[in-house]
Every structure is written in structure tokens, then in C-alpha cells.
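The values are calculated or read from the model by the stated rules, or taken from the named source; none is laboratory data. Quick caveat: nothing in here was measured; it's all calculated off a predicted structure. Here the Cβ positions follow ideal geometry from the backbone for every residue, glycine too, while neighbour counts run over all protein chains shown. Note: accessible area is taken over every heavy atom of the protein model, side chains too, but ligands, DNA and RNA are not part of it. Shrake-Rupley method; radii C 1.70, N 1.55, O 1.52, S 1.80 Å.
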Amino acid sequence: MRFTFYIVIVQFFAHNMYSQKLEAYKIVNESIVKKYYKDYKIDVPDNWISHTTDPGLIAHTPKKYKDSIRPFSNTPSLIIRKERKSKDLNHLLKVFLDTKKSYYGIFQYEILKIKHPIYNNCHVVVYDLLERYGKVRIMCFLFNDKRKSFAIYYSSNIIFFDDHISEVEKMVNSFRILN
């Protein structure tokens with residue numbers, strides 16, 4: 001009897017967690033995106049859609065992948081995350097790399113330095129991961145302002161990663177920290 005009770009409880013929680021993950025991947029309108037982006041702004045192209053992700057973030061994906069938005073999908077997407085405040089861009093990069101190295105153990109990456117129209121210097125960390133549905137390339141743009149630190153993640157299956165780089169570049173260049 002006790003064993004049956006535990007099985008029922010485990011199934012209930014597993015179903016509940018799975019349902020929450022599916023609820024997370026819903027397309028949202030521009031007013032929800034603006035409400036979510038109270039600390040920053042980014043211009044999303046008309047041929048991209050915005051949707052929620054797990055754990056409660058907003059992502060942007062090209063419209064042609066609309067039917068592929070789901071947990072563990074490797075479709076192209078761009079997500080902005082507010083990071084812990086760092087004293088400068090190099091400190092933000094060090095914290096980012098230390099975190100990834102502690103999580104992945106062996107963490108191979110390439111660091112690029114680019115110029116942003118507003119924030120001047122930006123570090124870009126490029127790395128690949130082997131995920132459930134194939135190899136994923138991730139490009140993380142790190143920004144540090146006197147008040148706030150942000151990371152913009154562009155990730156995609158490596159097969160179509162380059163197809164959206166020019167749109168991602170425009171979005172990253174449009175990024176503005178508010179207030």
C-alpha cells in the first residue's frame with residue numbers, strides 16, 4: 001500500500017512538472033515582452049516571434065520555427081538574462097567562464113571582442129554543446145554597464161546557426177539598458 005502511494009505521488013509530480021514545462025513554451029505578444037523588458041530594450045525583427053521559456057524567460061525565435069518551440073528544442077533562439085552586477089566587463093567574463101567550467105567540467109570556448117554602438121566593448125563567448133537533439137552552438141554576448149550586467153544568448157542547432165547571424169547582430173546592436 002505504501003509503495004503504491006509513493007508511485008502515485010511520483011507520477012503526480014512528474015506530470016505536474018511536465019505540464020508546467022509545456023505551459024512555459026507559449027507565444028506572447030509585444031505588450032508582454034515590453035512588460036518583461038523593464039530594465040532593457042531590444043529590437044526584434046518582424047520575422048521573429050517571442051515566447052516564454054523555462055524557467056520563465058522570454059525568448060525570440062524566427063517565425064519559420066514556430067511549430068518547433070518546445071522544451072529541449074535546438075531551434076534558433078535569442079534570450080537576454082540579467083546577470084549579477086560586476087565591477088567591470090573582465091570580471092563579468094571571468095565569473096561567466098568560472099561558472100561554465102564548474103558546471104561542464106571540460107569547457108571549450110572561444111572569446112571574441114566586439115564593439116557595441118552604445119557600450120563599446122563586449123565580450124562574446126562561443127561554445128558548442130552536445131544536446132538531446134544534436135550539436136548546439138551558443139554565442140553569449142556579455143555587457144557590463146556601471147549599473148547592470150547582461151548576457152544575450154543566441155543558440156541554435158549547429159546546422160542552421162549561421163542562417164540567422166545577421167539578424168542576431170542587428171538585435172544585439174539594438175540592445176539598450178534602460179534607467
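So which residues in region 70-96 are open to solvent by less than 30 Å² (accessible area, probe 1.4 Å) and aromatic (Phe, Trp, Tyr)?
96
What is the one condition in (1) hydroxyl-bearing (Ser, Thr, Tyr); (2) part of a strand (DSSP E or B); (3) touching a residue at least 60 places away in the same chain (Cβ under 8 Å) that residue 75 does not satisfy?
Residue 75 satisfies every listed condition except (2).
Which condition number in (1) in a strand (DSSP E or B); (2) closer than 20 Å to residue 53 by Cβ; (3) among the polar types (S, T, N, Q); (4) open to solvent by 20 Å² or more (accessible area, probe 1.4 Å) is the one that residue 99 fails?
Exception for residue 99: condition (1).
In region 54-63, what residues are surrounded by 14 or more Cβ atoms within 10 Å (Cβ to Cβ) and over 12 Å from the mean Cα position of the chain (by Cα)?
Listed by number, the list holds a single entry, 62.
When you check residue 142 against the structure, is it within 25 Å of residue 25 (Cβ to Cβ) and in contact with a strand residue (DSSP E or B) (Cβ under 9 Å, 6 or more places away or on another chain), yes or no?
Against the criterion (within 25 Å of residue 25 (Cβ to Cβ) and in contact with a strand residue (DSSP E or B) (Cβ under 9 Å, 6 or more places away or on another chain)), residue 142 does not qualify.
Quick one: in region 46-72, of everything that is out of contact with any strand residue (DSSP E or B) (no Cβ under 9 Å at 6 or more places or on another chain) and assigned to a loop (DSSP other than H, G, I, E, B), which residue is modelled with the lowest pLDDT?
Ranking the candidates gives 55 first.
Return only the number of the condition from (1) more than 25 Å from residue 24 (Cβ to Cβ); (2) not in a helix (DSSP H, G or I) that residue 90 does not satisfy.
Exception for residue 90: condition (2).
Of all residues in region 68-82, how many are charged (D, E, K, R) and under 12 Å from the mean Cα position of the chain (by Cα)?
2
State which residue pairs qualify: first residue open to solvent by 70 Å² or more (accessible area, probe 1.4 Å) and inside region 14-34, second residue at pLDDT 50 or above and among the hydroxyl-bearing types (Ser, Thr, Tyr) in any location, beta carbons under 8 Å apart, and separation of 6 or more residues or different chains.
26/52; 27/50; 29/50; 30/50; 32/50
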